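Q: Take this structure, written in structure tokens, and hold onto it; I'll ask about it next.
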Amino acid sequence: MTTNMNLKKVINASGRMSILGVSTLSDDVLEAMKLGAQHYYEMEKLHEEAGRVIASHFHTESALVTNSASSAIALAVAGMMTENNTFLAERFFEQRLQLNGDVLIMTGHLIDYGAPVDSMIRLGGANVKTVGYANGCTLEQVKQAVDENTKAMLFVQSHHCVQKNMPSVEAVSKLVRSLDIPFIVDAAAEGDISGYSQHADVVIFSGSKAIEGPTSGILAGKKEYVNYAKQHNRGIGRAMKIGKESIFGLLKALEEYVVFDNRNSKSKQAAILHKLEYLNSITGIDVVVHADEAGRAIKRARIHIDEHAAAQDAAYVVRALKKGEVAVYTRDYQVNNGYFDIDPRSLNEEDAQYIIDRMEQIMEVS
């Protein structure tokens, strides 16, 4: 089918990124999606059973499947705004002016992950109230920001966020719970799917990132708050619904994720990182293995380019890699500082060799 479309091959050296379709799916996940797609179900019952299974994996009381993690954020916030009032949920935008509630978020967490996180908060009907500054926040600042209009606090657990001088999820959880404020944790790309249930009242995950399922989102947490969000399935949530085939695919991906022994995967990634060390032989390039900034169990090849010694600078290399016959996408958040990262998780040996060959071409290695 793609033969009639003007698409070129992409090598994903960036990670689980939405701009590249996030993840590829296993054969078993595709089979599960086929099963779901080719049969009829009572959708309300399917959602109920899927929520029960997902909640067991996440160690929460309840769960709701949505079409994305962004949707899950918006629905979680909307639920906090209307609680059990179905009238407000069904007439959300008509009645929203009378709601007048705030969601707190630390300024260092006010990120753009492909869309501004504050847009999802506002879509959920809340005002965005920032706390602290881009270079730090204290628990006292969070405490002083709470008032009678505070509906919840959103904590974004992500490598995109400011990491230094920021209180931990555990510390913020302890504080806001002592103040009786619902605590939402957006952990969309995190790998520890059960590690946040003890800290969060509601936790948000992407079904298509670490879990490697189809495009989907997971809203899991206390039954009370999940039920609040479910009320909006008859309102804004209708635009965020997920199909039966994606629910089946997500459940299979979760099953694989929970039981998968990743020793071979880690070994494969280590082999690719070792292979990429060959780039050290190119003048002006220094390759080091770098751990994930946000503490996830991910190691990447960090490619430092000395613009004075190398044939091209880092920004030029990143652009050239994307423009090749095969587009290579790297993690280029720090390219202005002279380096970029290569994430090995989606690469095979052939991909790694292609990257090496292209780098040699770009750097005019004879």
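Q: For region 71-84, indicate whether the set of residues that are open to solvent by less than 70 Å² (accessible area, probe 1.4 Å), free of Cβ contacts under 8 Å to residues at least 24 places away in the same chain and either among the hydrophobic types (A, V, I, L, M, F, W, C) or over 29 Å from ALA210 (Cα atoms) (or both) is non-empty. Steps first, answer last, please.
A: Looking only at region 71-84, we keep the residues that are open to solvent by less than 70 Å² (accessible area, probe 1.4 Å), and these are 71-82.
Next cut, free of Cβ contacts under 8 Å to residues at least 24 places away in the same chain only: none.
No - not one qualifying residue is present in region 71-84.
Q: For GLY114, are the conditions met, namely being under 29 Å from SER173 (Cα atoms), surrounded by 22 or more Cβ atoms within 10 Å (Cβ to Cβ) and within 22 Å of the chain's Cα centre (by Cα)? Please lay out each step first, then the result.
A: Working: under 29 Å from SER173 (Cα atoms): yes; surrounded by 22 or more Cβ atoms within 10 Å (Cβ to Cβ): no; within 22 Å of the chain's Cα centre (by Cα): yes.
Against the criterion (under 29 Å from SER173 (Cα atoms), surrounded by 22 or more Cβ atoms within 10 Å (Cβ to Cβ) and within 22 Å of the chain's Cα centre (by Cα)), GLY114 does not qualify.
Q: Which of the residues belonging to region 129-167 are open to solvent by 10 Å² or more (accessible area, probe 1.4 Å), touching a Leu at 6+ places or on another chain (Cβ under 8 Å) and of a type outside the set (Gly, Ala, Ser)?
A: If the condition is that a residue be open to solvent by 10 Å² or more (accessible area, probe 1.4 Å), touching a Leu at 6+ places or on another chain (Cβ under 8 Å) and of a type outside the set (Gly, Ala, Ser), then LYS129, THR130, LEU139, LYS143, VAL146, THR150, PRO167 are the ones that fit.
Q: Let me ask you something else. I'm checking my understanding of the structure. Among residues of region 141-184 that are more than 19 Å from VAL203 (Cα to Cα) and of a type in the set (Lys, Arg), which one is modelled with the highest pLDDT?
A: LYS143
Q: Within region 211-231, identify whether any single residue is closer than 16 Å to SER158 by Cβ, in contact with a Gly (Cβ under 7 Å, 6 or more places away or on another chain) and surrounded by 24 or more Cβ atoms within 10 Å (Cβ to Cβ), and answer yes or no.
A: Yes; the residues of region 211-231 include at least one that is closer than 16 Å to SER158 by Cβ, in contact with a Gly (Cβ under 7 Å, 6 or more places away or on another chain) and surrounded by 24 or more Cβ atoms within 10 Å (Cβ to Cβ).
Q: Tell me which of these SER208 doesn't satisfy, since it passes every other one: (1) among the polar types (S, T, N, Q); (2) more than 15 Å from the chain's Cα centre (by Cα); (3) open to solvent by less than 20 Å² (accessible area, probe 1.4 Å).
A: Against the list (1) among the polar types (S, T, N, Q); (2) more than 15 Å from the chain's Cα centre (by Cα); (3) open to solvent by less than 20 Å² (accessible area, probe 1.4 Å), SER208 comes up short only on (2).
Q: Additional query: Can you tell me which residue among GLU349, GLU364 is modelled with pLDDT under 85 and more than 30 Å from SER56 (Cβ to Cβ)?
A: Working: GLU349 fails: modelled with pLDDT under 85.
Checking each option against the conditions leaves just GLU364.
Q: I would also like to ask the following. If I ask for residues that are more than 24 Å from GLN98 (Cβ to Cβ) and open to solvent by less than 20 Å² (accessible area, probe 1.4 Å), which ones from region 168-187 would you list?
A: Of everything in region 168-187, those that are more than 24 Å from GLN98 (Cβ to Cβ) and open to solvent by less than 20 Å² (accessible area, probe 1.4 Å) turn out to be VAL169, VAL172, SER173, VAL176, PHE183, VAL185, ASP186, ALA187.
Q: Of the residues GLN312, GLN269, which is in contact with a helix residue (DSSP H, G or I) (Cβ under 8 Å, 6 or more places away or on another chain), among the polar types (S, T, N, Q) and farther than 27 Å from HIS109 by Cα?
A: Working: GLN269 fails: in contact with a helix residue (DSSP H, G or I) (Cβ under 8 Å, 6 or more places away or on another chain).
Result: GLN312 is the single residue among GLN312, GLN269 that is in contact with a helix residue (DSSP H, G or I) (Cβ under 8 Å, 6 or more places away or on another chain), among the polar types (S, T, N, Q) and farther than 27 Å from HIS109 by Cα.
Q: Now for a different question. Which of (1) open to solvent by 10 Å² or more (accessible area, probe 1.4 Å); (2) assigned to a helix (DSSP H, G or I); (3) touching a Lys or Arg at 6+ places or on another chain (Cβ under 9 Å); (4) of a type in the set (A, V, I, L, M) does MET120 not meet, given it meets every other one?
A: The number of the failed condition is (3).
Q: Looking at THR60, THR24, which is the one that is in a loop (DSSP other than H, G, I, E, B) and either at pLDDT 95 or above or touching a strand residue (DSSP E or B) at 6+ places or on another chain (Cβ under 6 Å) (or both)?
A: Working: THR24 fails: either at pLDDT 95 or above or touching a strand residue (DSSP E or B) at 6+ places or on another chain (Cβ under 6 Å) (or both).
Result: THR60 is the single residue among THR60, THR24 that is in a loop (DSSP other than H, G, I, E, B) and either at pLDDT 95 or above or touching a strand residue (DSSP E or B) at 6+ places or on another chain (Cβ under 6 Å) (or both).
Q: Can you find a residue that is closer than 13 Å to ILE11 by Cβ and either open to solvent by less than 40 Å² (accessible area, probe 1.4 Å) or free of Cβ contacts under 8 Å to residues at least 40 places away in the same chain (or both) anywhere in region 336-343?
A: Start the filter on region 336-343 by keeping residues that are closer than 13 Å to ILE11 by Cβ, which leaves 342-343.
If we keep only those that are either open to solvent by less than 40 Å² (accessible area, probe 1.4 Å) or free of Cβ contacts under 8 Å to residues at least 40 places away in the same chain (or both) too, we end up with 342-343.
Yes, the conditions are met somewhere in region 336-343.
The values are calculated or read from the model by the stated rules, or taken from the named source; none is laboratory data. In this text, all values refer to a predicted model and were calculated from it rather than measured experimentally. Ideal geometry is used to build each Cβ from the backbone, glycine not excepted, and the neighbour counts take in all protein chains shown. With ligands, DNA and RNA removed, areas are computed over all heavy atoms of the protein, side chains included. Shrake-Rupley method; radii C 1.70, N 1.55, O 1.52, S 1.80 Å.
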